[in-house]
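The values are calculated or read from the model by the stated rules, or taken from the named source; none is laboratory data. No experiment lies behind these values; they were computed from the predicted model shown. We place every Cβ from the backbone using ideal geometry, glycine too, and count neighbours over all the protein chains shown. Heavy atoms of the whole protein, side chains included, go into the accessibility calculation; ligands, DNA and RNA do not. Shrake-Rupley method; radii C 1.70, N 1.55, O 1.52, S 1.80 Å.
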Amino acid sequence: MEEFGFTFNSYDPCVATQMWKGNQQTIRFYVDDLMASHVDKRANDDLYKWLQKMYSGYGDVIRHRGKVHDYLSMDIDFREEGKVKFDMMKYVANMLKDFPMEFKADDMARTPASNDLFGQKPKKSAPLKKDQAEVFHTMVAKGLFLCK
């Protein structure tokens, strides 16, 4: 990216910027997912051509345009002037769908901790079975990603 003129952000190495015809072009990336923005679409056209030249040998470089984007399981909506909205409701719905236990409408709690959480002696429980442990770890990782 530096070869193309970008400077990496010293606080977040997954963000880089460059000036293109007087306006800032920003890219954000995670592994092989990249999101670029600029007020002039030609800046992103130039970047796309460079990315195609550099990386098309690994597979097609796919681009999407418009006011609504799906990036890293986030719906990013730029339709309202001067605002951006982030939504991960589809991600949460998929987490619930993939969870092997079904939840009922009345399966709710105001807090995951009971009033006497620290007054009880810890109970010894059997380790989770391998398949249960895998589901548990997967869901915890997905929940951490969602929170982040």
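Some values worked out for this structure:
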| read-out | value |
| --- | --- |
| Residue within the stretch 73-81 that is surrounded by fewer than 10 Cβ atoms within 10 Å (Cβ to Cβ) and in a loop (DSSP other than H, G, I, E, B) present | yes |
| Those residues of the stretch 84-105 which are assigned to a helix (DSSP H, G or I) and aromatic (Phe, Trp, Tyr), in sequence order | Tyr91 |
| From Met89, Met139, Met101, Met108, residue being closer than 30 Å to Val68 by Cα and either more than 14 Å from the chain's Cα centre (by Cα) or of a type outside the set (A, V, I, L, M) (or both) | Met139 |
| Asp46 being in contact with a His (Cβ under 8 Å, 6 or more places away or on another chain), open to solvent by less than 100 Å² (accessible area, probe 1.4 Å) and not in a loop (DSSP other than H, G, I, E, B) | no |
| Lone qualifier among Lys53, Lys85, Lys49, Lys41 - being at negative phi and modelled with pLDDT of 95 or more | Lys85 |
| Residue within the stretch 87-103 that is touching a Ser or Thr at 6+ places or on another chain (Cβ under 8 Å), open to solvent by 100 Å² or more (accessible area, probe 1.4 Å) and within 27 Å of Met35 (Cα to Cα) present | yes |
| Lone unmet requirement of (1) under 21 Å from the mean Cα position of the chain (by Cα); (2) within 27 Å of Tyr91 (Cβ to Cβ); (3) surrounded by fewer than 16 Cβ atoms within 10 Å (Cβ to Cβ) for Phe8 | (2) |
| Test set (1) open to solvent by 100 Å² or more (accessible area, probe 1.4 Å); (2) in a loop (DSSP other than H, G, I, E, B); (3) under 28 Å from Ala141 (Cβ atoms); (4) not basic (Lys, Arg) - Pro13 fails condition number | (1) |
